[in-house]
Amino acid sequence: MWNREHVGRRLDGLVHHSDRAVQYPVVRCTQRSAEAGVVASVGATGDSYGNALAEASHSLFKAELIRDRGPWKNLGEGEIAVAGYVDWFDHRRLHGEIGLILPAEFVDGFYRQQNGSTQDEALIPRL
């Protein structure tokens, strides 16, 4: 949410999918999402098939950041490492599953095709 707001993208209509993991009982997380217009999409508790894409992303995150670059000295260093990883993953890392392009470019192309406009023109949230 921070990344999208930081670059001037809207959050209303954004869908966040989860398998009802630990973040949902956290009142601040659900309140902040609801206030921003983020729609919750939850699968059955513990249903790994319904959340397979998220689980695959978590596996990459653990391998490429946690195992390869950690541990960090404190929470601040960890937060900076996570923010850097997300930025790299979305804006610098080519993804073979989507045609060896960047996820941010893939999303822009999708919305251009759907709306006949760029993401910036439509103010549609990005990855």
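We did not get these values from a lab; they are worked out from the coordinates using the rules stated. Given the structure is predicted, the values throughout are model-derived calculations rather than measurements. No Cβ is skipped: glycine too gets one built from the backbone with ideal geometry, and neighbour counts run over all protein chains shown.
Each of C29 and W2 was given a label point 7 Å from its Cα along the Cα-to-Cβ line. The distance between the two points is 1.5 nm.
Close amide H pairs (under 5 Å, H built 1.01 Å from N) link V39 with G13, L14, V15, H16, residues at least 5 positions away or on another chain. In terms of surrounding Cβ atoms within a 10 Å radius of their Cβ, V7, V15 rank from fewest to most as V15, V7. Note that the stretch 94-111 has calculated 3J(HN,Hα) couplings of 6, 10, x, 5, 10, x, 6, 10, 7, x, 4, 5, 4, 5, 4, x, 4, 6 Hz, one per residue in order, obtained from phi through the Karplus relation 6.51 cos²θ - 1.76 cosθ + 1.60 (θ = phi - 60°); glycine and proline are x.
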